[in-house]
1. Check A:165, A:182 and return the single one that is touching a residue at least 60 places away in the same chain (Cβ under 8 Å), surrounded by fewer than 23 Cβ atoms within 10 Å (Cβ to Cβ) and more than 14 Å from chain B (Cβ to nearest Cβ).
2. Which of the residues belonging to region A:428-474 are more than 14 Å from every other protein chain (Cβ to nearest Cβ) and in a loop (DSSP other than H, G, I, E, B)?
3. I need a count of the residues in region B:52-96 that are more than 13 Å from every other protein chain (Cβ to nearest Cβ) and closer than 24 Å to residue A:132 by Cα.
4. I want to confirm something. Restricting to region A:328-356 and keeping residues that are assigned to a loop (DSSP other than H, G, I, E, B) and touching a strand residue (DSSP E or B) at 6+ places or on another chain (Cβ under 9 Å), which single residue is nearest to residue A:60 (Cα to Cα)?
5. Checking the conditions here, which among A:143, A:44 is at negative phi, outside any loop (DSSP other than H, G, I, E, B) and either away from chain B (no Cβ under 14 Å) or in contact with a helix residue (DSSP H, G or I) (Cβ under 9 Å, 6 or more places away or on another chain) (or both)?
6. Does region A:11-27 contain at least one residue that is out of contact with any helix residue (DSSP H, G or I) (no Cβ under 9 Å at 6 or more places or on another chain), modelled with pLDDT of 95 or more and assigned to a strand (DSSP E or B)?
7. Those residues that are more than 13 Å from chain B (Cβ to nearest Cβ) and in a loop (DSSP other than H, G, I, E, B), I need them from region A:29-41; list them, please.
8. Can you find a residue that is touching a helix residue (DSSP H, G or I) at 6+ places or on another chain (Cβ under 9 Å), more than 28 Å from residue A:299 (Cβ to Cβ) and at pLDDT 95 or above anywhere in region A:317-331?
């Protein structure tokens, strides 16, 4: 992308002044190299979002921004319902509340290396993954609604995990205001057998070694030290979330013009928060968030059982669970006052700074853990929310590496077997149902996650705490 | 080829090409299934009928591919043959396929749903109908 279209505010902040129908500026946080590497569509999309009614402050894009649907992936935008603010199904994304959860272990690299293939096989058998993955858990209509209201709290009550897990999950495991009655039967049908599954695409379960610590003090609070072993789970709300996304996108496309909302791009379809469809989507989307939280809780339970079958009973407490496709009602400081805003984060992670009242006591002084997944076979990172991130982009940071190349191109360049063999020679064991999926997710198809994380750190969106290197990857 | 995939930064585009609008819709459905498995390996043993409607052709394509994703996900089926009849904003479709069998069917990616990005239904300069959109995978 041509950097001359921006006003350079600092090394990592690039601004577009409002022009045309933009109500607020557009701001991208990235290094010059990252901006140059971004698709022109990111400029188009981040400025389109700035035209939506009721938007506060600016339309933001994170360092990993790329071409999304209406909103850029890596987009953050907050709306004030009292000023005609809108909610957008495309601004949340299809995989509602897709996110990352990291579990701590007491194991050493030696423990894992001694049982690496066996552990990979057990995890592969224990955690359903890939196209159309289903588990033995089948939900009836009543249980479905309880799950959609109760999220991870429901899962814990059903025996998948412990109560202490909940304080390490956003919203303590369940977001209020979910309305299962606003979720279609089609969406519920798609979810009936999908609880506790990873799905396909870029989702994964990884066993990782802490390779480097950048901030010793915060790392200590997070329970991380060099050569510690952790497990990271990346998945979302499966068929239910996808169907809610599709259902409401279709509805909003036809509803938006009735509210006088002119859309520069149909995918940007949005409706006022204070409208019937807006309220229904909010309730359905919150049900989708709870579905994702319950799903990751059950995957956690399967993971714990797999570890116990090899290492005996060993605690795998949750470090934290973040969601990166959401719209959440939060309090933020705007123009010197406090405001309740609906913050869309599409491919962006919440990154609340130290002292935030929504953080659990045990983490409040350090700031919220921000879990950043790399691509398969490359490093992942753990960051922490900063004081300044609250002032920059409503307490938000990047979510991952972001694709550098289309799946189409990746399939032309790589074969799954070759990718698996290359990673094996570097000591990384991959298990996947789909050789084609592995080729599409080849490490070379993604941007360098280190560059994205360094940009987030430099911009002070979040502070780097630890780097994780993969040992085992179960790929969706 | 009457159907093809086209690139998107994070996802995939599906495009059906045909002498008629109906044919272009049928081919677009094949392009979608081909993301999940090799359609050459799917026998059209059982048939399923769907009936849909939408305010315009483009939204009808979204509905049609949404219905296909739903049938694949909930029946755990893959399909290889399609028949579409569009008349006055209504679509009657028939899908032929068989239950998904991991031991026989090659595995690609799971399609989450159709999107409105790059959504287009129309006649090209060569007189052929095109029906296309990006699907989220």
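The values are calculated or read from the model by the stated rules, or taken from the named source; none is laboratory data. A quick note: this is a predicted structure, and the numbers were derived from the prediction, not measured. For neighbour counting, all protein chains shown are included, and Cβ atoms are generated from backbone atoms with ideal geometry for every residue, glycine included.
1. Going through A:165, A:182 in turn, just one is touching a residue at least 60 places away in the same chain (Cβ under 8 Å), surrounded by fewer than 23 Cβ atoms within 10 Å (Cβ to Cβ) and more than 14 Å from chain B (Cβ to nearest Cβ): A:182.
2. Residues satisfying the conditions are A:428, A:448, A:459, A:460, A:461.
3. Within region B:52-96, residues that are more than 13 Å from every other protein chain (Cβ to nearest Cβ) and closer than 24 Å to residue A:132 by Cα number 8.
4. By that ranking, first place goes to A:348.
5. Just a single option satisfies the conditions, and that option is A:143.
6. yes
7. Of everything in region A:29-41, those that are more than 13 Å from chain B (Cβ to nearest Cβ) and in a loop (DSSP other than H, G, I, E, B) turn out to be A:30, A:31.
8. No, the conditions are met nowhere in region A:317-331.
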